[in-house]
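*Asks:* Take a look at the following structure, please.
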Amino acid sequence: MTAEAEEMSLKDKGNEFFKAGNYLKAAALYTQAIKQDPSNPTLFSNRAAAFLHLVKLNKALADAETTISLNPQWEKGYFRKGCILEAMEQYDDALSAFQTSLQYNPQSAEVSRKIKRVSQLAKDKKRAQEVENIRSNVDMVQHLDEFKSEMSEKYGAEECWKHVFSFVVETMETAVKSWHETSKVDAKVYFLLDKEKTDTEKYAPIVNVDKAFESPHTHGSCFQFLRQYADDSFSSAACLVAPKSIISYPQVWRGQGLRKWRHSQQDGFFVQFESPLLRKLWFIPSSNEKGKTLCRDPEVLDISAHEVFPRLFKEKLSNS
């Protein structure tokens, strides 16, 4: 038997095993054939396909590159490379390889389908990375310019409101991170205590209010308790965080006419800021995107229409 006939025989045997799904045996036979004919691009292309099925992606990519170097105008080498890069989730490079393959074989419906598929995968991967970046780098300050301006107007000098503003930002960001990690937040009121006046053994900076929304009675009792707590603890501000899902009472968005609740189909949570000088209410909607829970930008609500609790502090008109 001539070397050429033996090489063809090894390749054909490899193809038989490949068709049968025995990719390991197919790769071994292609390797034997390559030793006898190391300049044959078809053998490297076939072994690349076998390695791809075996998820030996680096070996597969090396064979695809060799295929291309042996026959730079053969579309199959670029197609193999594209398929391997797709498996590696290197979608931009895969797209480039498929586009080169299409240049050498413009009529290929298979390559055109691959280009369409990988283009979508590239977009999906990019968006998934953007979503993960948003989830990992929570920055509420960028959404609170209006609130900062209101604080500056009400409190006056920056040293008077900067500490309170940081307290609100920290409370919001902690809630968002919790929502991203667990898809929930606990109903709590966070108090900004006076370090010099507050008896910290008696008054904690966080009060659980998960039972407050079970009935009008529990809501009223909890509100009265929180108002007294704010006074007795010498708190300068407070932030309520409460998931929308537990607020069976009060349904604050009902019966408001044109101001009615707009987020009935969205999950999320409330953040209500309370101080003697300023009150503010936000709803932070949530959605699922690319398999991840993602908090959307906080939306300012009309607190007179949607307050989750009534005023906790005695009102002051401005800081003197």
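*Asks:* Does Ser101 satisfy being of a type in the set (Ser, Thr, Tyr) and not in a helix (DSSP H, G or I)? Lay out the reasoning, then the answer.
*Replies:* On the way: of a type in the set (Ser, Thr, Tyr): yes; not in a helix (DSSP H, G or I): no.
Criteria not met by Ser101.
Table: residues versus (1) over 25 Å from the mean Cα position of the chain (by Cα); (2) farther than 22 Å from Ala230 by Cα.
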| site | (1), (2) |
| --- | --- |
| His143 | no, yes |
| Ser166 | no, no |
| Val169 | no, no |
| Ser178 | no, yes |
| Thr182 | no, yes |
| Phe191 | yes, no |
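*Asks:* Out of everything in the range 125-170 that is touching a residue at least 40 places away in the same chain (Cβ under 8 Å) and under 30 Å from Ala94 (Cα atoms), what residue ends up being surrounded by the fewest Cβ atoms within 10 Å (Cβ to Cβ)?
*Replies:* Among them, the one singled out is Arg127.
*Asks:* Is the range 291-301 home to any residue that is at pLDDT below 90, over 21 Å from Ala212 (Cβ atoms) and either in a loop (DSSP other than H, G, I, E, B) or under 29 Å from the mean Cα position of the chain (by Cα) (or both)?
*Replies:* Yes: one or more hits.
*Asks:* Sticking with this structure for a sec: Quick one: count up the residues across the range 211-243 that are assigned to a strand (DSSP E or B) and farther than 17 Å from Val164 by Cα. If you could, list the steps in order and put the result at the bottom.
*Replies:* Just the residues of the range 211-243 that are assigned to a strand (DSSP E or B), to begin with: 237-243.
Next cut, farther than 17 Å from Val164 by Cα only: 242-243.
The number of residues fulfilling the criteria is 2.
The values are calculated or read from the model by the stated rules, or taken from the named source; none is laboratory data. In this text the structure is predicted, and so the values were computed from the model without any measurement. Every residue, glycine among them, receives a Cβ derived from its backbone with ideal geometry; neighbour counts consider all protein chains shown.
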